[in-house]
Amino acid sequence: MARIFAYIVHKGGVVDDSAFELAAAARKIDPDSSPTALLTGCGPELDAACNSLSASYAEIWKISNEALAYPNAELVRKALLKVLPSNSIVLIAHEHFGIDLAPGLSIKMNATFVSDVLDIAGVDGANLKVIRQEFGGQASTHVHCDVSTGAVVTIRPGAFKPAEVTPGSSTVIDKSNEVGSLSAGRRYLETVVAEAGDVDITKYNVLVSIGRGIQEKDNVAIAQQLADALGAAVSCSRPVVDAKWMEKSRQVGSSGKTVKPKVYLACGISGSFQHLAGIKGSPFLIAINKNPKAPIFQVADVGIVDDILEFLPELTIKVRELHSIAK
Amino acid sequence: MEILVCARRVPDTSENEIQLNRAGNDIERDELVYSINEPDNYAVEEALQIVARTGGTVTVATVGGEDDEEILRREMAMGANQGVLITDDAFSGSDGRGIATILKSFVERGHYDLVLTGVQAEDGGARVGGMLAALLDYPFASLVTSIEVLDGQKLKIAREIEGGNKEISEIDLPCVLSIQTGINEPRYVGMRGIRQVASVPIPTFGASDLGIGACAVGEAAAKVKRVDYFVPALGKGAEILRGTREENIDKVLELVAAKGGLK
């Protein structure tokens with residue numbers, strides 16, 4: 001088996017959680033392998049990130065370069081190409097940076113590319129067998145990849161349990177000198193931080209969260225009435241924001257807010273992994289969806305196959321009745 | 001600006017329950033509702049809006065078969081100047097790299113300033129745009145949520161990063177961008193509009209037109225192969241309430257109260 005590398009995303013000297021998941025994925029590809037961590041950046045933050053990995057990676061390659069202070073995928077690609085041995089297998093987290101970096105890296109390495117991998121089914125010579133999902137998680141597939149000329153594999157965040165941490169020593173190898181000067185056709189200017197919005201959905205114990213199943217803007221009121229009766233807030237999934245039915249500040253997911261409610265009512269939400277990535281703290285998850293195949297039912301505690309446009313108004317009436325009895 | 005949008009016709013997951021076929025090697029496709037891949041539709045709308053501001057043309061191309069003409073006509077009804085069908089028996093079974101290789105040959109035949117794709121299709125791969133850019137040696141950005149045309153063959157773009165934040169960059173033309181949903185509000189296309197373009201000829205290009213050798217694309221060249229479909233079994237699965245609606249509502253209320261959610 002070829003040498004396995006894990007490209008590690010880090011910020012402010014802290015590595016992303018995916019660093020430990022990639023180590024687990026590497027060991028599942030080759031239990032005997034000792035994956036090598038690859039980090040790019042510069043200054044003390046890069047060193048801090050490297051040092052925090054000693055329990056998971058025996059060898060850490062760092063590329064320090066001022067041009068890499070902000071992770072620009074094109075520059076990172078050029079740097080990695082200078083140091084990676086031929087036929088390497090490179091693991092990258094399937095998040096916004098990995099999506100930017102991985103496809104082009106695979107072309108320039110002349111390596112096979114497989115993305116958003118959920119599990120490793122096995123290795124047979126140079127045939128890497130992985131599990132992916134299609135159709136928004138409604139169907140899974142086995143995919144066979146010929147990795148004889150190397151591979152770039154992006155790994156879905158959260159899909160692999162982080163490798164057990166065994167305190168040990170690791171070697172940091174400085175590869176900076178092999179890289180030289182870097183320039184790119186895309187230049188980072190600034191980061192614009194998300195607007196706060198009218199309601200802070202991260203502060204609520206109960207969220208009535210709506211997805212595409214709400215069907216039209218006027219129906220958002222149906223969810224709002226239930227939320228009002230419950231003392232909850234209305235949050236939503238990406239399609240609701242895309243359609244401009246709710247503000248971006250209400251979106252739960254990897255590109256929206258991360259929430260930790262006690263109860264999460266997923267109403268007409270299919271349950272994409274990007275959405276689920278925004279739900280933390282294991283809330284009690286109740287899913288209501290017309291489609292019995294909706295992936296949300298695989299992760300919910302309780303599921304109801306019903307039309308939210310009929311179910312929610314009746315639920316609201318019941319909640320109000322309870323309140324009037326209580327008074 | 002001359003803009004090429006690479007689009008794809010896919011089963012519409014919001015309209016369909018995906019079922020596996022008996023052999024387990026494909027999904028049951030007979031009853032499926034197909035439409036243009038949603039992010040691709042946003043890409044076409046974005047191209048139309050850019051051209052409305054700066055002039056130029058929008059070409060929509062797809063790699064596929066005759067059935068895929070319907071999405072080209074739909075996007076022409078939206079306002080795209082031309083639809084192009086890239087089709088050849090030799091293309092079938094291509095993996096992401098194969099599709100990117102085919103598109104690269106098509107891009108090199110023209111003079112496009114900007115190539116757009118949707119961020120991902122129904123297989124969730126997010127592959128082709130970035131691979132195409134690397135094959136062309138063009139700059140690339142994924143998950144693009146706004147585009148502003150600057151002077152001097154440059155764009156100012158925003159990418160969607162974590163937590164709803166946006167990363168702003170400048171990118172040189174020509175480039176490839178993968179477009180995220182929500183970047184704009186795609187215009188409505190009525191049946192009347194589609195009828196108006198129903199007889200517009202759609203040029204087709206095959207492997208020999210594009211100078212593509214059979215060994216570079218298609219099933220034989222594919223290093224990534226899907227071998228089956230199966231029903232995912234992630235997590236323990238929800239306890240499905242099978243009572244009447246009224247019973248289910250009572251149960252939900254009971255659970256919400258028990259979990260500390262009723263005040």
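The values are calculated or read from the model by the stated rules, or taken from the named source; none is laboratory data. The structure presented is a predicted model; accordingly, all values stated were derived computationally and were not measured. Heads up, the Cβs are rebuilt from the backbone with ideal geometry, glycines too, and the neighbour counts pull from every protein chain shown.
Within region B:228-263, how many residues turn out to be free of Cβ contacts under 8 Å to residues at least 40 places away in the same chain and not in a helix (DSSP H, G or I)? Please lay out each step first, then the result.
Of region B:228-263, the ones free of Cβ contacts under 8 Å to residues at least 40 places away in the same chain are B:232-263.
Among the residues that remain, those that are also not in a helix (DSSP H, G or I) are: B:232-244, B:259-263.
Number of matching residues: 18.
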Quick check on this structure: which one of A:177, A:205 is exposed (fewer than 13 other Cβ atoms within 10 Å of the Cβ), of a type outside the set (D, E, K, R) and either out of contact with any helix residue (DSSP H, G or I) (no Cβ under 8 Å at 6 or more places or on another chain) or assigned by TED's automatic domain parsing to the domain that holds residue A:49 (or both)?
A:177
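Quick check on region A:233-253: of everything there that is touching a residue at least 40 places away in the same chain (Cβ under 8 Å) and surrounded by fewer than 24 Cβ atoms within 10 Å (Cβ to Cβ), which residue is nearest to the other protein chains (Cβ to nearest Cβ)? I'd like the intermediate steps shown before the answer.
First, the residues of region A:233-253 that are touching a residue at least 40 places away in the same chain (Cβ under 8 Å): A:247-250, A:252.
If we keep only those that are surrounded by fewer than 24 Cβ atoms within 10 Å (Cβ to Cβ) as well, we get A:247-249.
Numbers: A:247: 10, A:248: 6, A:249: 7 Å.
That would be A:248.
Which ranges mark the strands (runs of 3 or more DSSP E) fully within region A:29-93 that have 1 or more residues being without any contact (Cβ under 8 Å) to a residue 60 or more places away in the chain? Don't jump to the end; show me each part of the working.
Numbers: elements: A:36-41, A:59-64, A:89-93.
Counting at least 1 such residues, we get A:36-41.
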Those helices (runs of 4 or more DSSP H) completely within region A:233-327 that have 1 or more residues that are more than 21 Å from residue A:140 (Cβ to Cβ) and modelled with pLDDT of 95 or more are A:238-242, A:308-326
Taking region A:117-154, which residues are within 13 Å of chain B (Cβ to nearest Cβ), among the β-branched types (Val, Ile, Thr) and within 23 Å of the chain's Cα centre (by Cα)?
A:117, A:130, A:131, A:141, A:143, A:152, A:153, A:154
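Counting only residues that are within 14 Å of another protein chain (Cβ to nearest Cβ) and of a type in the set (Val, Ile, Thr), give me the strands (runs of 3 or more DSSP E) lying completely in region B:139-206 with at least 3 of them.
On the way: elements: B:140-150, B:154-160, B:166-172, B:175-179.
Hits in region B:139-206: B:140-150.
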Checklist (1) under 24 Å from residue A:239 (Cβ atoms); (2) surrounded by fewer than 16 Cβ atoms within 10 Å (Cβ to Cβ) applied to residue B:71, failing item:
(2)
Specify which of the listed residues (B:173, B:143) is at pLDDT 95 or above, surrounded by fewer than 21 Cβ atoms within 10 Å (Cβ to Cβ), of a type in the set (A, V, I, L, M) and within 28 Å of residue A:110 (Cα to Cα).
B:173
If you take the residues in region A:201-221 that are outside any helix (DSSP H, G or I), more than 22 Å from the chain's Cα centre (by Cα) and within 13 Å of chain B (Cβ to nearest Cβ), which one is nearest to residue B:175 (Cα to Cα)?
A:215
